[in-house]
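The values are calculated or read from the model by the stated rules, or taken from the named source; none is laboratory data. This is a predicted model, so every value here is computed, not measured. Because the Cβ atoms are built from the backbone with ideal geometry, glycine has one as well, and the counts that use them run over all protein chains shown.
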Amino acid sequence: MLRRHGVRLALTVMITVVMVVGGANTTPAQGTPRAIPPVSEAARAVGLIDVRSAVPDALIDLRYATSDNFVGEPLYPSNARCLVHESMAPGLTTAARILRRSNEVLVFWDCYRPHSVQQKMFDKVSNPAWVAAPGPYSRSHEAGRSVDVTLAARLPGCPKPRRVADRCRLDMGTDFDSFTPAATAYATAGVPVAAQRARARLRDAMAAGGLAVYSGEWWHFDGPGAGVRRPVIDVAPR
Ligand SMILES: [Zn+2]
């Protein structure tokens, strides 16, 4: 197991060094690994990494880079990347490894979020239960220490809205940013049993990596020190 992991890591590093490819939001089909371009100087300076450095098969579906989000307009540039603080890497690697046993992969809906975007979101939904009130500090997504994720697998007859690259997002009972009681992590009312089980698999895998679910949203997970108030980061998600 360790050796296999080492080989994969070495391969990823080798490909990264050898190939120079432009940024991309979507992980390509399995078997055609794409190089991960280095993150910007500003992002690197605050410890942010591309999540695919930790989870090579991650599917990236940044909803805030599209208008398919609760604000109804893109909040990130179209070439935004999923960046996380490097402290999340070991936990995400562990979670992804566990999920591969059930042929499931992580889909990232949101990762590091610039402070100015958090402000825009709060202006739109000024309810701290759903959108964290911005303060003169960075924590959680604003510090790159929380992620919004779901699961995908190869499923026959996948409805178009749930397709991500060559996979299909599982039915988790609600969509992302569904500000409803069914979106709370342990909800049972209105959540199909299969979706409750899928949420539990996601939670268990993330917990094994030391990543804790936020009880108010089944898709939100905090990494180590996510709640600590740190200096404001407002670099572009690149
Ligand atoms: Zn979140």
Between a first residue in region 127-152 that is under 27 Å from A194 (Cβ atoms) and within 13 Å of the ligand (Cβ to nearest atom) and a second residue that is assigned to a strand (DSSP E or B) and acidic (D, E), which pairs have beta carbons less than 9 Å apart while being 6 or more apart in sequence or on different chains?
W130/E217; S146/D110; S146/D222; V147/D110; V147/D222; D148/D110; D148/E217; V149/D110
For residues in region 153-170 being surrounded by fewer than 16 Cβ atoms within 10 Å (Cβ to Cβ) and not charged (D, E, K, R), which is nearest to the ligand (Cβ to nearest atom)?
P161
Among the residues of region 188-238 satisfying the criterion of being more than 16 Å from the ligand (Cβ to nearest atom) and among the acidic types (D, E), which is modelled with the lowest pLDDT?
D234
Could you figure out which of (1) of a type outside the set (D, E, K, R); (2) modelled with pLDDT of 95 or more; (3) not in a loop (DSSP other than H, G, I, E, B) isn't true of A185?
(3)
Within region 82-98, is even one residue without any contact (Cβ under 8 Å) to a residue 12 or more places away in the chain and not in a loop (DSSP other than H, G, I, E, B)?
no
For region 96-110, indicate whether the set of residues that are crowded, with 17+ Cβ neighbours inside 10 Å and farther than 22 Å from A207 by Cβ is non-empty.
no
If you scan region 113-126, which residues turn out to be under 18 Å from G227 (Cα atoms) and within 11 Å of the ligand (Cβ to nearest atom)?
R113, Q118
Just one listed residue, out of R52, R113, is assigned to a loop (DSSP other than H, G, I, E, B) and either surrounded by 16 or more Cβ atoms within 10 Å (Cβ to Cβ) or small (G, A, S) (or both), and it is R113
As an exercise: evaluate S126 against (1) of a type outside the set (F, W, Y); (2) closer than 18 Å to V55 by Cβ; (3) assigned to a loop (DSSP other than H, G, I, E, B) and give the number of the one condition it does not meet.
(2)
Qualifying residue in region 218-226 (condition: surrounded by fewer than 21 Cβ atoms within 10 Å (Cβ to Cβ) and of a type in the set (A, V, I, L, M))
no
